[in-house]
Amino acid sequence: MTIDRRRLLRTSGAAAASVLGAAALSSTASAAEPAHVHASHPSGDPDPTEGVTRTLLQDHPSPAKGWKAVQTLVQIPRHKESGRHSHPGVEVGYIIRGDVLMEFDDRPPLRLRTGDPFFIPEGAIHNARNIGKVTTMMLSTYVVDETKPLVTTY
């Protein structure tokens, strides 16, 4: 008997989203913060990052001196994007729900769907664009330099 990994991951995605949502709501330390606070660009156009949130789920020292492990739940509404950014370490992620086009400055884009894992190398400039019909939910775990901000925008 073979296991269809994609089907297993997709059907478990809703359960994972429920668990993560409950954890985020029940945690007093968790705080949803908008990725950007401006409602429009200087040009007057709507801000493509409006409504994007990153909810901190965990933040722990790493066994490696000078590094920490951070986990977030990222939500990107329909037709919105995270904005070009990088991290001072690696990002290991999982698409809980939705369809994303992960765009990079130095390589071709990557199409990600519910149930897909992804890896982003240290310093890679990238943008997660929601190309689906629902709010995208991504679980992102970072191992980053503890002396630098988690996100640097461009």
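The values are calculated or read from the model by the stated rules, or taken from the named source; none is laboratory data. Remember, predicted model here, so these are calculated numbers, not experimental data. Each accessible area value is taken on the protein alone, full model and side chains, heavy atoms only, with ligands, DNA and RNA left out. Shrake-Rupley method; radii C 1.70, N 1.55, O 1.52, S 1.80 Å.
Solvent-accessible area assigned to carbon and sulfur over the range 40-143 amounts to 57 percent, based on a 1.4 Å probe.
Keeping all protein chains in place and using 1.4 angstrom, which order do His126, His79 fall into by accessible surface area, from largest down?
Working: His126 5, His79 135 Å².
From most exposed to least exposed: His79, His126.
The figure for Arg97 is an accessible area of roughly 90 square angstrom, using a 1.4 Å probe on the protein chains alone.
In the context of the full set of protein chains, residues of the range 76-154 present 46 Å² of accessible surface per residue (probe radius 1.4 Å, heavy atoms only).
Working with all protein chains in place, sort Lys80, Lys65 by solvent-accessible area computed with a 1.4 Å probe, largest first.
Correct descending sequence by accessible area is Lys65, Lys80.
For Lys80, the amide hydrogen comes within under 5 Å of the amide hydrogens of Asn130, counting only partners 5 or more places away or on other chains and with H modelled in the peptide plane.
Solvent-accessible surface of protein heavy atoms, probed at 1.4 angstrom with all chains present, puts Leu73, Leu56 in the order Leu56, Leu73, largest first.
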